[in-house]
Structure formats: structure tokens, C-alpha cells
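**Student:** Before anything else, here's the structure in question.
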Amino acid sequence: MTATVDNHRGAEAIAEAEQWTAHNYHPLPVVIADAEGAWVTDVDGKRYLDCLAAYSALNFGHRHPLLVAAARGQLDRVTLTSRAFLHDQFGPFCRELAELCAESQSGAAGEARGTAEMVLPMNTGAEAIETAIKVARAWGYRIKGVPDGQATIVVAAGNFHGRTTTIVSFSTDPEARAGFGPYTPGFRIVPYGDLEAMAEAIDDTTVAVLIEPIQGEAGVYVPPDEYLVGVRSLCTTHNVLFVADEIQSGLGRTGDTFAVQHAGVVPDLYVLGKALGGGIVPVSAVVGRRDVLGVLRPGEHGSTFGGNPMACAVGRAVVGLLRTGEYQERAKRLGAVLHERLGSLVGHGIVAVRGRGLWAGVDIDPTLMTGRQATERLLARGVLAKDTHGSTIRLAPPLVITSDEVHWAVDQLSEVVAGD
Ligand SMILES: *Cc1c(COP(=O)(O)O)cnc(C)c1O
């Protein structure tokens with residue numbers, strides 16, 4: 001340990017990364033060396049409160065002891081088998097994850113018909129979305145009776161579902177999409193929150209509606225509860241699968257296990273990722289009804305690493321943490337503190353605040369600074385956050401953050417927007 005803190009090593013590491021990596025990201029100028037809980041330390045010894053939590057992949061904080069123990073224990077046993085063989089973490093992970101989803105449905109309204117009976121594990125979020133798209137199309141052709149090659153999927157404007165060629169085909173963000181064609185057909189884009197437009201877009205070829213119950217990347221847009229209830233009802237009426245992308249909104253972030261629970265609805269397929277890997281390994285999954293996921297036959301879909309022993313061991317530990325309810329409760333209680341504090345800044349350098357639980361989209365007054373500038377100034381004050389679009393920043397701290405730390409982070413933001 002050096003006695004003085006300077007930013008010497010950080011500057012070198014930034015220059016190296018700049019030279020040797022593709023510039024598909026524009027990271028903030030901080031080089032993290034270690035981390036614990038809600039805090040990270042950079043290579044020069046400066047500490048920062050992590051208010052991004054890897055876009056919610058770190059819901060349980062950095063290096064949660066139970067998750068690290070699960071990973072360590074598995075490292076000493078077996079790390080990879082491929083899906084050519086079963087391993088002893090696979091069945092238990094799938095069962096426990098399905099049970100977590102099923103338990104979350106207990107309070108849902110009568111119209112709900114979804115159940116969580118099967119799991120298809122993958123690695124990244126984008127892969128899980130691709131999986132859901134393939135499953136929905138296969139279900140459409142084999143069960144619903146849509147003529148081959150004609151399936152359509154209704155999605156929402158402003159969506160973020162990942163970065164693969166098929167997924168960016170139905171993005172409305174020019175940065176994500178433009179210049180990467182030709183695009184995959186079969187998607188119909190309707191405005192988020194507009195049930196009438198959705199009803200019009202659905203016809204006999206429609207196999208699924210794919211939406212985020214809260215649009216994260218777009219700036220944390222929370223639709224009215226009636227919207228999700230309406231989507232459920234349209235899907236039920238027209239025999240269309242309701243696919244909920246809960247990759248960012250799920251697993252505790254909003255104060256419940258899943259964001260759809262706030263509206264009391266149950267999707268036909270949950271798409272999960274990010275926090276499912278406990279911030280240690282990429283783990284994603286599609287969870288849903290047996291008559292839907294059951295359409296896949298051996299050889300039709302897969303992934304070498306999907307459902308590997310390390311992923312399943314960590315995933316089981318994540319499910320174990322969620323089954324205590326403690327993290328959902330923290331997100332609810334501390335989210336109320338976060339939103340009360342942020343709300344009081346509206347009109348004082350902040351134009352609007354949206355969100356639920358420990359998750360907020362904050363629109364900074366665009367005449368003051370861009371979102372990027374705000375995050376740079378927060379960084380200088382020891383808070384890690386990320387802009388989404390224009391002058392919007394997103395706050396999503398690990399759910400292990402304390403009340404004092406929430407207050408401190410908002411203090412820093414209020415001083416940044418006050419120009420101090
Ligand atoms: C992050 C995210 C994805 C993509 O996940 P990756 O693991 O980055 O591929 C998909 N949908 C939503 C809502 C996300 O937030």
C-alpha cells in the first residue's frame with residue numbers, strides 16, 4: 001500500500017485499454033482493482049460507491065460471501081461437462097429456479113395462466129432472448145398452427161433486449177441498429193404502453209409479445225399496472241405468448257422477485273439473466289410452461305456452456321438468497337428512501353425521476369449538463385453511475401447498499417446538479 005493516492009496507474013491502464021481494445025464502449029475513466037459489497041477500489045486506491053451494479057448483474061453486491069463460497073466449492077469439484085452429459089447441479093438448479101418463479105405467482109390475479117414448469121439455461125441475456133424467440137416461433141408452428149415461416153412477434157419501441165443481429169433487428173435505437181443489416185424479419189414494433197397499437201399489431205401469425213415490464217436501458221420507464229394487465233389479457237385472448245424480459249428488472253431489483261408481480265400478472269415465459277449469475281459467471285435462463293418450452297427437441301437449440309456446473313452452483317446460491325425474501329425487502333425499503341430523496345431534487349437541477357425499488361432513471365436538466373458529464377462529476381465524488389440516453393442517468397446500486405449510503409449517493413448527485 002502506498003501512503004499517498006495518485007492516479008498514476010489508472011492513467012496508464014486507461015491508455016493501454018484505449019490502444020488495445022475495440023471501442024464498442026466508452027467507459028468512465030476508472031480502473032477497478034477490487035471490490036466488496038457496494039464498494040469498489042481503483043488501481044490507485046480510491047474508493048467508489050457502485051450505483052450501477054453492472055446493470056443489475058450485481059444485485060447481491062460484489063463478492064457476496066455465500067455466492068463466492070458456492071463458486072469456490074464448485075471449482076474444487078467439476079466446472080464443465082457440456083450438455084452432452086448431466087451433472088449433479090443441473091437438475092437442482094432448474095427445479096429451484098422454476099420453484100422460485102412459481103412461488104412468485106402466488107398472489108397473481110385469476111386470469112394468470114402461466115406456470116413455471118421448465119427451465120432452459122443459457123449464459124448471456126441476449127442468448128436467453130434468442131432462445132425465447134426460437135421457442136416462441138417453434139411453439140407457433142407446432143402448437144398454434146401458424147403457417148411455416150410466417151410467425152410474427154410484437155415488441156415495443158424503446159426496447160433493449162441485447163446486441164445480436166436478430167435482436168438489434170427490432171431495436172428502435174439507431175446507435176444499436178443502424179449499419180448492421182440485413183435485419184431479421186418477423187417483428188412488429190408498437191409504442192411502449194400503447195395497448196390499442198398492440199391489439200392492432202396482433203393477428204393470426206402472432207406467436208408472442210416480447211416486452212420489458214420496466215424499460216431499463218430506455219431510461220427506467222415504468223408503465224402503469226394496467227398496461228401489463230392489458231398485455232396479459234391480449235395475449236390470453238389471442239393465444240399469444242407473453243414473454244417478459246426480466247433480465248434487468250427481475251431478481252429483486254424492484255422490491256419483488258419480478259417486476260411483473262407489481263401488476264399481479266404472470267407471463268408465459270420469463271427471460272432471466274444478469275443477477276442470476278451472482279456477479280460471478282454469466283447465467284441466463286428461460287423459464288416457462290411445459291407445453292411451450294417442451295416443444296424443443298434434442299439438437300434444435302443449445303449452448304456449450306449453458307447450464308454448466310459453475311453456473312448452476314452459483315445460480316442455486318442466487319435462488320437461495322432470493323428465497324429468503326431479504327433482498328426484495330431491502331430493495332422495497334431502501335428504494336422508498338432513494339425515490340423520496342430523488343423526488344425532492346425535481347425542480348432543482350433534475351427534471352424527472354422514474355423507477356421502482358432500488359432502480360431509478362434520473363433526467364438531469366439538459367441545460368445544465370449531459371448525462372455523461374453528470375456521471376463524470378459523480379465519479380470525481382466517488383459515485384459510479386452510468387448515463388443511458390442524452391441527459392438521463394441510471395441509478396441501480398447493489399441491494400446490499402445501506403440507507404446511509406443511499407443518502408450519501410443522493411447528496412453527491414444533488415451537489416453535482418447544484419454545480420458545486
Ligand atoms: C442486459 C439486458 C439484456 C442483454 O443481456 P446480455 O447479458 O448483455 O446479453 C437483455 N434484456 C435486458 C432487459 C437487459 O437489461
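Every number in this text was worked out from the coordinates using simple rules, so none of it is lab data. Bear in mind the structure is a predicted one, so any value in this text is a computation, not a measurement. Note that each Cβ is placed from the backbone with ideal geometry, even for glycine, and that neighbours are counted across all protein chains shown.
**Student:** Over 26 Å between Cα atoms, which of K134/K332; K134/K386; K46/K386; K274/K386 qualify?
**Tutor:** K134/K332; K134/K386
**Student:** Please give me the summed charge of the neighbours of G306: other residues whose Cβ is under 15 Å from its Cβ, Lys and Arg +1, Asp and Glu -1.
**Tutor:** Residues near G306 contribute -1 overall.
**Student:** Separate question: Taking all pairs of different Cα atoms in region 71-324, averaging 1/r and flipping that mean, what Kirkwood radius in angstroms comes out?
**Tutor:** Kirkwood hydrodynamic radius for region 71-324: 18.3 Å.
**Student:** Roughly what would the spin-label model give for H23 and S344, points 7 Å off Cα along C-beta, in nm?
**Tutor:** 4.2 nm
**Student:** Using the Cβ atoms and a cut-off under 12 Å, what net charge is assigned to the surroundings of T402, where Lys and Arg are +1 and Asp and Glu are -1?
**Tutor:** Charge balance near T402 sits at 0.
**Student:** Sort region 108-228 into rounded, prolate or oblate with this rule: let a ≥ b ≥ c be the square roots of the eigenvalues of the Cα gyration tensor; rounded if a/c is under 1.5, and if a/c is not under 1.5, prolate when a/b is larger than b/c, oblate otherwise.
**Tutor:** Rounded, because the longest to shortest axis ratio a/c is under 1.5.
**Student:** Taking 51 Å as R0, compute the FRET efficiency from the Cβ-Cβ separation of T236 and E16 and round it to 0.05.
**Tutor:** With R0 = 51 Å, the Cβ-Cβ based efficiency is 0.40.
**Student:** Also, I was wondering about something else. Please arrange T402, T115 by how many other C-beta atoms lie within 10 Å of their C-beta, fewest to most.
**Tutor:** So the ranking, lowest neighbour count to highest, is T402, T115.
**Student:** Remind me, relative contact order of region 71-324 in percent, using alpha carbon pairs under 8 angstrom and six or more residues apart?
**Tutor:** Computed over region 71-324, the figure is 32 percent.
**Student:** In nm, what is the difference between 0.36 nm times the number of residues separating D173 and R9 and their Cα-Cα distance?
**Tutor:** Here the answer is 55.5 nm.
**Student:** Also, quick follow-up: To make sure I understand, if each residue's beta carbon is the centre and we count other beta carbons within 10 Å, what order do T392, T79, T257 fall in, fewest to most?
**Tutor:** T79, T392, T257
**Student:** Can you compute the label reach from T79? Point 7 Å from Cα along the Cβ direction, backbone N cut-off under 18 Å, restricted to region 297-341.
**Tutor:** 304-315
**Student:** Take the alpha carbon gyration tensor of region 47-119, find the square roots of its eigenvalues, order them as a ≥ b ≥ c, and report rounded if a/c is under 1.5; if not, report prolate when a/b exceeds b/c, else oblate.
**Tutor:** oblate
**Student:** Report, in cubic angstrom per residue, the convex hull volume of the C-alpha atoms of region 28-165.
**Tutor:** Taking the convex hull of the Cα positions in region 28-165, it is 214 Å³ per residue.
**Student:** So, one more: Would you compute, from DSSP H runs of 4+ residues alone, the mean residue ellipticity of the chain at 222 nm, taking -39500 (n - 2.57) per run and dividing by the full residue count, rounded to the nearest 500?
**Tutor:** -10500 deg cm²/dmol
**Student:** Fewest first, what order do R316, R290 take by the number of other Cβ atoms within 10 Å?
**Tutor:** Ascending Cβ contact count within 10 Å gives the list R290, R316.
**Student:** Could you work out the per residue convex hull volume over the alpha carbons of region 261-420, in cubic angstrom?
**Tutor:** 152 Å³
**Student:** Normalise the Cα radius of gyration of region 264-334 by 2.2 N^0.38 Å (N = residues in it) and let me know the number.
**Tutor:** 1.30
**Student:** Along the Cα→Cβ direction, 7 angstrom out, place labels at H301 and R381. What is the inter-label distance in nm?
**Tutor:** 4.5 nm
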